[in-house]
Amino acid sequence: MLSYRTVCFTKAWIKVVHLTALKFISDTENMASRSYGACFLCHRAAAVNIMFRSVSSAALPQPKVDFLKGELHRKHPGVTNLKTVRLPEHLQLAAQSIIHRVRVPQLAERSQKLTNFLWSRKRAVEDLMVRQKAVSMEKELWEKSVQNIGRDVDEQLLGDRIRKKVLSELRRTTYRWTPLKYDEELSMVYMAARLAGGYAAVRRALNEIKKRDPSFAPQTLLDFGSGLGTVAWASHSCWDDSFREMVCVDSSAAMNVLAEQLLKGDDERAQPHIKHVYFRQFLPVSPKVQFDLVVAAFTLSELPNVNDRADAVTTLWRKTNSYLVLVENGTKEGHQMMLEARDVLLTKQEKVVHDPRPASVFAPCPHEMMCPKLAQKPVTPCNFHQRYHPLPLPGRHECQTEKFSYLILSRTEPAEPTPEGLDWGRLIAPVLCRTRHVHCHVCRSDGRLQHMVVTARKHSRDMYRCARNSEWGDQLPIVENVKEETKVHSDSES
C-alpha cells in the first residue's frame, strides 16, 4: 500500500505532467493539422490520455472483493426487488368470478374507503397511557382553578367539574380503536381492496428469503391471520410444490370460506389449485409443533394492545423452525409494530424454552441495534414499496404501489460469512442516478444511516455499476475504501 504522502505527491506530479503533455499535444496538433501526420499525432494524444488516466487510478489503490459470485451487475446478490407483480392467473380469474356473481353494491367506492381506513389506522392507546394523561390533566386543572378562584371553594364540586372536563377532553383527543368483524359482505369488500396489494407485499418479502437462501425449500407453512389466503398463493409462487402442508388460521369463518372459494376457482366441485391447504380458526395448541415458514401479514394491527401483540409474536416464534415473516402497512404505526416484535424476540427470554436456537434478524435490518430512524426528527418510518397490477375494477387500470414494512427473523446461521472488507447495506430511499455518480441512502451494519455518493473512481467499477442497478429496498455491496467520503444521512423518504 502507498503512504498518504506518496499518494499526494504522485497526484500533484501527475497533474503537472498531464497539463504539460496536453499543452504539447495541443500545439503539436495545430502544427500537424496542416500536414499528413495529423492522424498519427491524434492516436498518440489518445494514448497519452489513457496512460495518465491509468496512472491516476493507480494512485488510489482499491481493494478487490468478489461479491458478484459470477452474476451480472444488474443481478448482483443484493437485488431482491421484483418487477411489477401480477396476481396468479387462477387467483385473479377466481376473484373476478366471485365479484361478478355476488355483485356487492358500490364495491369500488367501499373498497377505496376501506383502504383509506386501514392505511390511517393506529394502534389502540394503552390504558396506562390514558390514566397517566388523565392524572396529568387533572393536576394541571386543579392548579389553574386554585390560582383563579382561590382556596375558599367547595372542593367536591370543583373536583366533579374537573373530572367531567378531563373525561370530555380524553374522549375528544384519544384515538378510538375498534376491531373489524369480517362478515361475508365486508370480506368481499376487503378482497376488492387488498387482495392484489397484500399479495404484492408478501411476495416481495418472501423473495428476500428465496434470493438470499436458495437452498431453503419449506415443506410446512403456518399463516396466522390468513384472511384471503394470499400468503399461501405467494409461497406457492416462490417454492412451487415443495409444500406438503399449509395451515391457514383466521378467526373469521367468512374469510376462510372466501379463501377456499379462491383456491377452487369459485367452483365448489373443483379441486383446489394449491393442494394441502387447511383452514383453521385457532392456532395449533401444542408448542412442539413447528413449521418451516411462519407468516403473519397485516395481522398484528388487528390485535387490541401491546401485550396481545407480544404474546402472539412469542407464540409464532415458538412455532417457527426456520423463518418468521411479519408484514404491516408502511406507516409509522406499522414500523413501530415491527420494532415491538423485534425487541420482544431479541431481548425477552421465555420461561420454558422449547427450541434453544436464538433469533437473528435476517431482513431488512443489517444489524440488531436500535433503529437509527428513531433518532431522526421528525421520525420517519422504515418502509419499502412494490409495484403491482390491481384487480380490474372500475377506476383501476394503472399500476399501483404498495408501501409496506416487514421483518424477517431466522433461526439458522448464514451459509457463508461475509468477506472481510465487504459490508452489505440496506437501501432505505430511492437511488438517484446522476452523471458518473450515484446517490445512495443506506442503513449500515454498524447501526448508522449514511448518504453515499458512489463513483467508479472512489468505490471501484463493480460497486458503482451495482449501485446504478439497485433500487430502494435492495442490499448494496459496500467495499471499504482508503478514504471514503461519506456524510450522515439527514433526510429520507417517508
Could you tell me which GluC sites (Glu not before Pro) in the stretch 201-289 are loop residues by DSSP with no more than 11 other beta carbons within 10 angstrom of their beta carbon? 268
Along the stretch 183-198, what does the Karplus equation 6.51 cos²θ - 1.76 cosθ + 1.60 (θ = phi - 60°) give for ³J(HN,Hα), rounded to whole Hz, x for Gly and Pro? 8, 4, 6, 5, 5, 5, 5, 4, 4, 5, 7, 10, 4, 6, x, x
If I compute solvent accessible area with a 1.4 Å probe over the protein chains, what percent of it on the stretch 280-342 is carbon and sulfur? 53 percent
Packing-based ranking, highest mean first, of 87-98, 163-174, 355-366 given that Cβ atoms within 10 Å are counted: 87-98, 355-366, 163-174
Using a 1.4 Å probe over the heavy atoms of the protein chains, calculate the carbon and sulfur portion of the accessible area of the stretch 102-242 as a whole percent. 50 percent
Residue 130 to residue 288: extension gain in nm, 0.36 nm per residue of separation minus the Cα-Cα distance? 53.0 nm
The long-range amide H neighbours of residue 478, using H built 1.01 Å from N in the peptide plane and a cut-off of under 5 Å, are 423, 424, 425
Solvent-accessible heavy-atom area per residue, rounded to whole Å², over the stretch 217-266 at 1.4 Å: 30 Å²
Treat each spin label as a single point 7 Å out from the Cα along the C-beta direction, and report the residue 108 to residue 412 distance in nm. 4.6 nm
Expressed in whole Å with the largest first, what are the equivalent ellipsoid semi-axes of the stretch 114-191 derived from the C-alpha gyration tensor as the square root of 5 times each eigenvalue? 41, 11, 9
Provide, as a two-decimal number, the C-alpha radius of gyration of the stretch 364-464 over 2.2 N^0.38 Å, N being how many residues it has. 1.36
What's the percent breakdown of Cα-Cα distances in the stretch 216-312 across 10 Å bins, shortest bin first? 15, 47, 31, 6, 0
Taking only protein heavy atoms into account and a 1.4 Å probe, give the accessible area per residue of the stretch 76-214 in Å². 63 Å²
Set the bar at 21 Å for Cα to Cα. Now go through 133/165; 83/210; 133/348; 83/373; 288/351 and name every pair that lies beyond it. 133/348; 83/373
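The values are calculated or read from the model by the stated rules, or taken from the named source; none is laboratory data. All figures in this text were calculated on a predicted structure; none of them were measured in a lab. Cβ: placed from backbone, ideal geometry, glycine included. Neighbour counts: every protein chain shown. Ligands, DNA and RNA are stripped out before the accessible areas are found, and what is left, the full protein with its side chains, is counted by its heavy atoms. Shrake-Rupley method; radii C 1.70, N 1.55, O 1.52, S 1.80 Å.
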